[in-house]
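To keep things clear, I will list the structure first and then write my remarks on it.
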């Protein structure tokens, strides 16, 4: 392994490390240009001829697409142990990526009179490229396909190079079968990317292409970027290991070899302040090279003796500074107290912490995506995620009050930039009738089976509520804004227990900021959102009633809810007079919230506070129990299928 001192490196050597310019190849680019043009003009004919040339596969005999019988036999072609490992990887990756889902539509009041939001929709069609050049990569298929499926992409086409007999790697096919991906094409290289970008007689054009590949694949992506979204440009593998003198050299050696064995164009760097550690690591690598087989052995030797290897810094701070400029795909922190380094790391595709976290754990089973930005793009790009398979549309609505309030500001900014028609579009606009609120001051902004967004407006308040019956929104806490901290906490508690993401934005512009108004109106608006979902029978065949019992240390509460179109609230408190306040709220205002919820949801609500000494615990147990009761209310009940909830029905 090459060992260098950073202070002895020339500017050109440092630049070469940081810029990765050694990957550019004029001959490759010219060849790829001809392939791309051939596919664009000749379609299937070009694909057939190129597959014969590069993969030695005759598509006229085996066909472009993997057939059903090939999917059916894959389980016989791989071992039970491998299937179990693939199943585990799919489960872990799925669990992690489910947390990245956002509600399809949500709204906030960006300012008084302005309603703003976002609508997330899946990309219509994507192509997933799974390489096969220096090995087989079912893990790549998992990392690409799982977030695409979770995002809701309807048309997924997976392309991967075949062997000369037309066979696709059976483990990759197993992953496709598990994830119900049926469009699998036996095409590889630059021709596969071109086929997905342009479309051919047999290959449907897609909106986005993602997946790592050879330099031919990456050059093709660059050339086709004006025709198709190419996502992350995942180039040759690279890693940096920051290690101090206290680390076990065997672990550091293993981390270095992990990425070096990908191929001769990979980079694997040890960044340390200890020459002694580097020497020990070198000895460990020499020992391992005696047992590692070709071609991986040669790849490791070439990488660690060429552009990779060890760099000795004066101290770890200097190593971190270099690492942030290098922006590695994988960064391993082999240091004492590694979590204390996190604030110092600015640029890395992923950060692996501690001696028990090999890069291979992240590659296969940890859960986060292993399709990562390379070549320094970790400075501005992130790991592949569900969001890469979705797109956002901004939603803006300005009320008549809002336009009257802000049109002068629009005029000033537009005229300063010299856009007089921009100014006139606000100043001379004919103000038309605003949103048509119902008799209770409610207007539904959006509603479907799993989501509702509505606004409720009174003389005192204007409130937007979003309900989403989807995966838990990890950013939900930031979307609960009532101005009362304890009430925010209680609404989040209902969300956690009920299985609904509940976000709320309260505005009291031009009104007294009275806590009882905030509490009661918040309760009414959230309750009304639940009522609207039920009224449309989106949840037909559910229990419609439920109870919850919750304890928090010494406190215990019971809550019963029944959606029958009959608003009623009964609270039995063990010692009402003892607890006038809870945090920043009056106890009576928490009761006002529950009263408002009962009226908005048109539900019967019984609250029985059984025990407790700490008012925070008492009321949190109430709201936990309310969430549990709501969860039971909305559970499916096959016996009630086809009926409405309650006695009189809504």
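The values are calculated or read from the model by the stated rules, or taken from the named source; none is laboratory data. Quick caveat: nothing in here was measured; it's all calculated off a predicted structure. Because the Cβ atoms are built from the backbone with ideal geometry, glycine has one as well, and the counts that use them run over all protein chains shown.
Just to be sure, is residue 68 under 34 Å from the mean Cα position of the chain (by Cα), more than 26 Å from residue 238 (Cα to Cα) and surrounded by fewer than 14 Cβ atoms within 10 Å (Cβ to Cβ)? Give the derivation first.
Details: under 34 Å from the mean Cα position of the chain (by Cα): yes; more than 26 Å from residue 238 (Cα to Cα): yes; surrounded by fewer than 14 Cβ atoms within 10 Å (Cβ to Cβ): yes.
For residue 68, the condition - under 34 Å from the mean Cα position of the chain (by Cα), more than 26 Å from residue 238 (Cα to Cα) and surrounded by fewer than 14 Cβ atoms within 10 Å (Cβ to Cβ) - is met.
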- Taking the condition at pLDDT 95 or above, touching a helix residue (DSSP H, G or I) at 6+ places or on another chain (Cβ under 7 Å) and crowded, with 18+ Cβ neighbours inside 10 Å, does residue 230 pass? no
- Query: If you go through segment 20-35 one residue at a time, do you hit one that is modelled with pLDDT under 90, out of contact with any helix residue (DSSP H, G or I) (no Cβ under 8 Å at 6 or more places or on another chain) and surrounded by 13 or more Cβ atoms within 10 Å (Cβ to Cβ)?
  - Reply: yes
- Query: In this structure, does residue 407 turn out to be surrounded by 15 or more Cβ atoms within 10 Å (Cβ to Cβ), touching a strand residue (DSSP E or B) at 6+ places or on another chain (Cβ under 8 Å) and not assigned by TED's automatic domain parsing to the domain that holds residue 154?
  - Reply: no
- Message: Every residue in segment 112-125 that is closer than 23 Å to residue 457 by Cα, assigned to a strand (DSSP E or B) and touching a helix residue (DSSP H, G or I) at 6+ places or on another chain (Cβ under 7 Å), please.
- Response: 114
- Task: Just give me the residues in segment 269-303 being touching a strand residue (DSSP E or B) at 6+ places or on another chain (Cβ under 7 Å) and modelled with pLDDT under 95, in sequence order.
- Result: 303
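This table checks each residue for (1) touching a strand residue (DSSP E or B) at 6+ places or on another chain (Cβ under 9 Å); (2) at negative phi; (3) surrounded by 13 or more Cβ atoms within 10 Å (Cβ to Cβ); (4) assigned by TED's automatic domain parsing to the domain that holds residue 482.
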| site | (1), (2), (3), (4) |
| --- | --- |
| 414 | no, yes, yes, no |
| 417 | no, yes, no, no |
| 425 | no, yes, yes, no |
| 428 | no, yes, no, no |
| 441 | yes, no, yes, yes |
| 444 | yes, yes, yes, yes |
| 447 | yes, yes, yes, yes |
| 450 | yes, yes, yes, yes |
| 457 | yes, yes, yes, yes |
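Residues checked against (1) touching a residue at least 40 places away in the same chain (Cβ under 8 Å); (2) within 26 Å of residue 116 (Cα to Cα); (3) in contact with a helix residue (DSSP H, G or I) (Cβ under 6 Å, 6 or more places away or on another chain):
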position	(1), (2), (3)
310	yes, no, yes
328	yes, no, no
345	no, no, no
378	yes, no, no
396	yes, yes, no
401	yes, yes, no
417	no, yes, no
- Within segment 424-479, how many residues are part of a loop (DSSP other than H, G, I, E, B) and within 29 Å of residue 493 (Cβ to Cβ)? 15
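Looking only at segment 543-555, count how many residues are part of a strand (DSSP E or B) and either out of contact with any strand residue (DSSP E or B) (no Cβ under 7 Å at 6 or more places or on another chain) or crowded, with 20+ Cβ neighbours inside 10 Å (or both). Spell out the reasoning first.
Let us first name the residues in segment 543-555 that are part of a strand (DSSP E or B), namely 545-552, 555.
Filter once more, keeping what is either out of contact with any strand residue (DSSP E or B) (no Cβ under 7 Å at 6 or more places or on another chain) or crowded, with 20+ Cβ neighbours inside 10 Å (or both): 546, 548, 550-552, 555.
Looking only at that region, the number is 6.
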- Query: Somewhere in segment 131-141, is a residue touching a strand residue (DSSP E or B) at 6+ places or on another chain (Cβ under 7 Å), surrounded by fewer than 24 Cβ atoms within 10 Å (Cβ to Cβ), not in a strand (DSSP E or B) and not assigned by TED's automatic domain parsing to the domain that holds residue 459?
  - Reply: no
- Query: Within segment 81-110, how many residues turn out to be out of contact with any strand residue (DSSP E or B) (no Cβ under 9 Å at 6 or more places or on another chain) and touching a residue at least 12 places away in the same chain (Cβ under 8 Å)?
  - Reply: 17
- Return the only residue of 319, 378, 361 being surrounded by fewer than 20 Cβ atoms within 10 Å (Cβ to Cβ) and more than 30 Å from residue 426 (Cα to Cα). 361
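Only one residue in 250, 245, 222, 205 is surrounded by fewer than 20 Cβ atoms within 10 Å (Cβ to Cβ), part of a helix (DSSP H, G or I) and touching a helix residue (DSSP H, G or I) at 6+ places or on another chain (Cβ under 7 Å), so which one is that? Show your work before the answer.
Details: 245 fails: part of a helix (DSSP H, G or I); 222 fails: touching a helix residue (DSSP H, G or I) at 6+ places or on another chain (Cβ under 7 Å); 205 fails: part of a helix (DSSP H, G or I).
Going through 250, 245, 222, 205 in turn, the sole match is 250.
Give the number of residues within segment 142-171 that are in contact with a strand residue (DSSP E or B) (Cβ under 8 Å, 6 or more places away or on another chain) and either within 30 Å of residue 445 (Cβ to Cβ) or in contact (Cβ under 8 Å) with a residue 40 or more places away in the chain (or both). Talk me through it step by step, then tell me what you get.
Narrowing segment 142-171 to residues in contact with a strand residue (DSSP E or B) (Cβ under 8 Å, 6 or more places away or on another chain): 144-145, 148-149, 151-160, 168.
In the following step, the residues that additionally are either within 30 Å of residue 445 (Cβ to Cβ) or in contact (Cβ under 8 Å) with a residue 40 or more places away in the chain (or both) were identified as 144, 148-149, 151-155, 157, 168.
Adding up the residues that qualify gives 10.
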- So, first residue not assigned by TED's automatic domain parsing to the domain that holds residue 306 in segment 267-290, second residue assigned to a helix (DSSP H, G or I) and at pLDDT 95 or above, Cβ within less than 6 Å, six or more apart or across chains; the pairs are none
- Message: Can you tell me which condition residue 45 does not meet? The list is (1) within 37 Å of the chain's Cα centre (by Cα); (2) at pLDDT 95 or above, and all the others hold.
- Response: (1)
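So which residues in segment 480-521 are under 22 Å from residue 402 (Cα atoms) and part of a helix (DSSP H, G or I), if there are any at all?
Our first condition is that a residue be under 22 Å from residue 402 (Cα atoms); within segment 480-521, this holds for 481-483, 504-513, 518, 521.
518, 521 - these are the residues of segment 480-521 that are under 22 Å from residue 402 (Cα atoms) and part of a helix (DSSP H, G or I).
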